[in-house]
1. Test of understanding: what is the full-extension gain from L351 to V175, defined as 0.36 nm times their sequence separation minus their Cα-Cα distance?
2. On full extension of the chain, what length is gained from R12 through I87, given 0.36 nm per residue of separation minus the C-alpha to C-alpha distance?
3. Could you work out how far helix 341-361 tilts from the main Cα principal axis of the chain, as a 0 to 90 degree angle to the nearest 10?
4. Per the helix-only calculation at 222 nm, which mean residue ellipticity applies to the chain, given -39500 (n - 2.57) for every DSSP H run of n ≥ 4 and division by its residues, nearest 500 deg cm²/dmol?
5. With viscosity set to 1.306 mPa s and temperature to 10 °C, compute the Stokes-Einstein D of segment 12-436, Rh being the Kirkwood radius across alpha carbon pairs; µm²/s, no decimals.
6. Against the empirical 2.2 N^0.38 Å scaling, what ratio does the C-alpha Rg of segment 129-227 come to?
7. Once both axes come from the Cα atoms, what is the angle between helix 171-192 and the longest principal axis of the chain, in degrees from 0 to 90, rounded to 10?
8. Using +1 on the beta carbon of Lys and Arg, -1 on that of Asp and Glu, and nothing else charged, what's the dipole of segment 12-436 about the Cα centre, debye to 20?
Amino acid sequence: MSVNERETWSSRIGFVLSCVGAAIGLGNIWLFPWRLGAYGGAAFLIPYLFFVITLGSTGLMEEFAFGRERKAGAIQAFKEVYAERGIDWGDKLGVIPVLGVTGVFVFYAIVVGWILKYFVLALQGQFAVIDKLPAYFGSFAGTPKTIIWHLLAIIITILVLRLGVKDGIERINKVMMPTLFVILFILLLRSLTLPGALEGIKFLLVPEWSKLANPKTWIMALGQAFFTVSLGGAAMLVYGSYLDEDADIPASALQTVIFNTTASFLAAFVIIPAVFAFGLDPKAGPPLLFITLPNIFKQMPGGYIFSVLFFLSIIFAALSSTMNLMEVPVEALMQRLKISRKKSVILVGGLTFAVGLPLDLSMKLFGHFADFVTIYLIPIGAVMAAVTYFWVYDITKARQAINQGSDNPLGTWWEPFAKYVFTIVAGVVLILGIIFGGIG
Ligand code: PFF
């Protein structure tokens, strides 16, 4: 393929499944269940659903259409829009969302490394043997033992990305996503039939209305809605840049949101009833995956097979996101340096591994880095993409670009919603994130 010829998806379903893969990730399986546990149970679901459907789909349509129209990643897309207004530093602005997403890739690859390790522990039946799971996790995360797993996560992502969009990303997502849903369903059946699961189901289904009076329920749901569909101004944009003119963007965005939300719910209905059944704390927070759940598998009938399936499902969810995250700097370097895909993946893989190394060795550093990226860079990227496409470019042209190829085009009513409500709320996500030390 010549350097000028842009890759494209081979099918509509392949594109949607790749976007679903990108959206579903640690945000759904790790963050969502504990946020739900910590901020209101069933009551949390109400604002979350509302935000993800209205704002999530708007952000996705924006990024898909912006990428498709410019047939380019964020740096080039920003550059062109600002250049049309006589501003010649648009590319510098476009670097910010690309850096944000690359930053997510840096810490995400580390967590994927932990998950790969826990998958192997599950395969070896180790959860039944390790007696102090918290101490075990403490002696692993933040130590040199993680480096090899971190490297493995990056190598797997490199191997897929070097095959390209169609033969790599699309092909593997077409297998991983359906499998992920099948596994989640199997796990759901196991969890819901555990004695004592009912309390957890109630916690998820019966809202305590008073929780809706707590602004934190809304704030956390808002941040979660943005993060879980990957709104950072570059990740979905790059997938959109491989789209044909006849792809239906509103339909694809809605399908991505629906599958993404279904995965979040499935994960919550797998995890929370099991946590209740074993009398554990649903508010455990980040240790949920690495301490609470292995503890459950240890005691549960059939725990071996379910622990293997569970960690496999997270691997699928997380790797399909690392592919999307890494594609952002890979595309940017291919385009900027005019280098081949193969060279770019090696370059990005090597650089991001090097940047991540100090984070492997210190959980404190890891936390600061992840906070910096998710509190500042990603929300700033989301705001910048909205301002650039809806304000600096043109909201009417943006709507027409979204509608191109759609069976259900958006009406003019959508313009003030996207231009004012969406952009302002994206700004609010940024400000609240800074105030509360992270809401995504
Ligand atoms: N949506 C991903 C998840 O839920 O894990 C995370 C993510 C990817 C956030 C890409 C932001 C982004 F730009």
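1. The L351-V175 span can extend by a further 60.5 nm.
2. 23.4 nm
3. 40
4. Mean residue ellipticity at 222 nm (helix-derived): -22000 deg cm²/dmol.
5. Roughly 73 µm²/s, to the nearest whole number.
6. Rg over 2.2 N^0.38 Å, computed on Cα atoms: 1.60.
7. Tilt of helix 171-192: around 30 degrees.
8. For this selection, approximately 780 debye.
Each reported figure results from applying straightforward, stated rules to the coordinates on display, with no laboratory input. Not measured: the values here are computed from a predicted model. As a convention, Cβ positions derive from the backbone with ideal geometry for all residues, glycine included, and neighbour counts pool all protein chains shown.
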